[in-house]
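Please treat every number below as a calculation from the coordinates, not as lab data. Predicted, not measured: the structure shown is a model, and the values here were computed from it. Ideal geometry is used to build each Cβ from the backbone, glycine not excepted, and the neighbour counts take in all protein chains shown.
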Protein chains: 2
Amino acid sequence: MQFEAAAAKVSKYAVSESGDTIESVERPHGGISFVLADGQRSGRPAKLISNLVARKAISLLGEGVRDGAAGRAAHDYLCTHRGGRVSATLTIVSLDLVSRTLVISRNGPPVFLLGPDGARLLDEASEPIGIHAGTKPMIEEVPLQAGLRVVAFSDGLLDAGVRYHQAMPAEAWLELVAGWGETDTEELAGRLLERALALDRGRPEDDISILVVGVYARRRADGARWLAMKVPL
Amino acid sequence: MQFEAAAAKVSKYAVSESGDTIESVERPHGGISFVLADGQRSGRPAKLISNLVARKAISLLGEGVRDGAAGRAAHDYLCTHRGGRVSATLTIVSLDLVSRTLVISRNGPPVFLLGPDGARLLDEASEPIGIHAGTKPMIEEVPLQAGLRVVAFSDGLLDAGVRYHQAMPAEAWLELVAGWGETDTEELAGRLLERALALDRGRPEDDISILVVGVYARRRADGARWLAMKVPL
């Protein structure tokens with residue numbers, strides 16, 4: 001089998017810097033974690049917050065701290081640092097090679113879970129981090145198997161098209177994705193981004209970030225781990 | 001213009017875990033840094049070292065610490081942590097959007113620099129980190145321009161084929177790469193890996209990691225930042 005991941009990020013129209021942060025880190029006991037953080041507001045102030053939160057979570061995950069504890073720590077850190085006045089959403093998606101599971105920790109928007117047994121919306125109420133004492137992530141753990149895919153995003157996806165009264169609820173997005181069948185992660189993230197940009201008529205109302213991970217039956221012949229990145233200058 | 005990066009990593013034959021670590025992090029003032037660390041020996045002990053070194057460098061770079069200071073700190077940290085008895089090589093390649101340059105910091109193998117003005121080997125003598133007091137990186141800064149490419153790797157590339165007396169010196173690898181013209185980063189890293197695996201007859205004598213970054217005149221229509229990853233399970 002092969003684990004694959006793709007992430008795409010665009011900024012709000014006419015704002016040079018996205019307020020969202022997506023980072024990844026190797027887990028010392030085996031696997032990879034992805035962190036998607038969305039800071040309150042947009043542009044530079046939001047970026048500082050999402051960067052702070054993502055760095056805290058990534059640095060703990062990279063030291064072998066478990067996902068739930070890393071999420072709680074990121075909350076406590078933001079709460080302490082900004083006196084409970086600034087919020088952020090935080091989603092952590094991990095390939096855990098010890099438990100052979102995907103682990104999804106949510107303090108933010110819903111997450112799509114697609115597998116051989118059908119599609120499911122992870123949308124139990126969860127609080128953003130940074131405000132209320134005791135905030136903790138909603139955690140879901142799913143055994144690795146071919147065909148499994150997870151789609152996480154910042155709220156800009158659900159808000160796409162809101163200005164034109166065309167925003168789609170999470171259920172409609174999930175149905176759309178489920179209808180595409182077993183596309184690969186880059187293709188899936190690309191189609192979601194394309195649809196969101198179309199709903200916003202090419203001028204995103206908010207930062208939009210999309211993270212897709214999946215487990216596929218195929219495997220590269222070279223047996224190598226691969227990483228690729230593209231950044232417009 | 002668009003910045004692109006690709007990294008590939010295979011482990012020594014019959015060793016499940018590569019002793020090399022490649023990580024990336026967003027620079028808070030703008031840009032991305034890549035860290036390639038190779039720990040002494042192979043397998044788990046090497047991995048613990050390269051992970052320690054990479055995490056220290058990444059965490060500092062993510063806080064806005066400059067490349068040279070992050071490299072020195074990683075050395076001091078390893079030296080303190082292991083009493084000067086364990087070495088690692090460390091290469092940092094950064095897209096710095098403040099100075100609009102690529103910054104290459106080396107405490108290890110040579111790095112290839114290819115641009116519109118020709119190809120160059122960065123191979124001034126540099127010490128591995130972790131052993132001698134005062135070790136510092138060799139730093140090179142190159143203004144961003146289309147056609148610029150940087151190729152960094154762990155010593156497994158130069159050792160490929162050594163068992164069959166077919167190992168190629170850095171100059172020969174550079175000549176090979178220069179002859180390929182302006183390939184994209186994934187293609188370039190893929191061809192290098194393929195050639196190295198062929199020299200080792202499909203059974204790598206050592207961990208091999210390859211990092212290629214480049215600046216291209218093209219730009220994606222969606223204006224998005226993209227990240228992709230593949231991990232064999």
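Taking every residue in A:215-225 and counting other chain Cβ atoms within 10 Å of its Cβ, the average works out to 6. Applying 1/(1 + (r/R0)^6) with r as the Cβ-Cβ distance of A:Glu63 and A:Val142 and R0 = 25 angstrom yields a FRET efficiency of 0.55. Remark: A:Leu113, A:Leu36, B:Leu121, A:Leu227 ranked as B:Leu121, A:Leu113, A:Leu227, A:Leu36, counting other beta-carbon atoms within 10 Å and listing the fewest first. In percent, rounded to a whole number, the relative contact order of chain A is 25, using alpha-carbon pairs under 8 Å and six or more apart. For chain A, the 222 nm mean residue ellipticity estimated from helices alone, with every DSSP H stretch of n ≥ 4 adding -39500 (n - 2.57) and the total spread over all residues, rounds to -9000 deg cm²/dmol.
Comparing A:Arg220, A:Arg201, A:Arg82 in a Gaussian network model of chain A where C-alpha atoms under 10 Å apart are linked, the largest mean-square fluctuation is found at A:Arg220. Of A:Glu63, A:Glu23, A:Glu186, the residue with the greatest mean-square motion in the GNM of chain A, using alpha carbon springs below 10 Å, is A:Glu63.
Remark: label point of B:Ala14 defined 7 Å out from Cα along the Cα-Cβ vector; separations to the same position in other copies 6.5 nm, ascending. Averaging 1/r over every pair of different alpha carbons in the stretch B:92-233 and inverting the result gives a Kirkwood radius of 16.5 Å.
For the protein assembly as shown, the mean projected area of the C-alpha convex hull, equal to one quarter of the hull surface, is 20.9 nm². Per residue of peptide A:20-32, the mean number of Cβ atoms on other chains within 10 Å of the residue Cβ is 4. Ranking B:Tyr164, B:Val35, B:Ile104 by Cα position along the charge dipole of chain B, where only Lys, Arg, Asp and Glu carry charges on their C-beta atoms, puts B:Val35 farthest toward the positive end. Charge dipole (Cα centre; +1 on Lys/Arg Cβ, -1 on Asp/Glu Cβ; no other charges) of the protein assembly as shown amounts to roughly 640 debye.
Taking chain B as a Gaussian network of alpha-carbon nodes connected by springs under 10 Å, the highest mean-square fluctuation of the residues B:Ile131, B:Ile58, B:Ile210 belongs to B:Ile131. Close Lys pairs in the protein assembly as shown, defined as Cα atoms under 24 Å apart and 8 or more places apart or on different chains, number 24. Put a plus charge on the Cβ of each Lys and Arg, a minus charge on the Cβ of each Asp and Glu, and nothing anywhere else: the dipole of the stretch B:95-193 about its Cα centre is then about 140 debye. Counting Lys and Arg as +1 and Asp and Glu as -1 over every other residue whose Cβ lies under 10 Å from the Cβ of B:Val162, the net charge comes to -3.
Pairs of Cα atoms nearer than 8 Å and 6+ residues apart set the relative contact order; for the stretch B:1-120 it is 22 percent. For chain A, the dipole from Cβ point charges (+1 on Lys and Arg, -1 on Asp and Glu) about the Cα centre works out to 600 debye, to the nearest 20.
Site pair B:Val98 and A:Leu176 shows an inter-label distance of 3.9 nm when each label is modelled 7 Å from Cα along Cα→Cβ.
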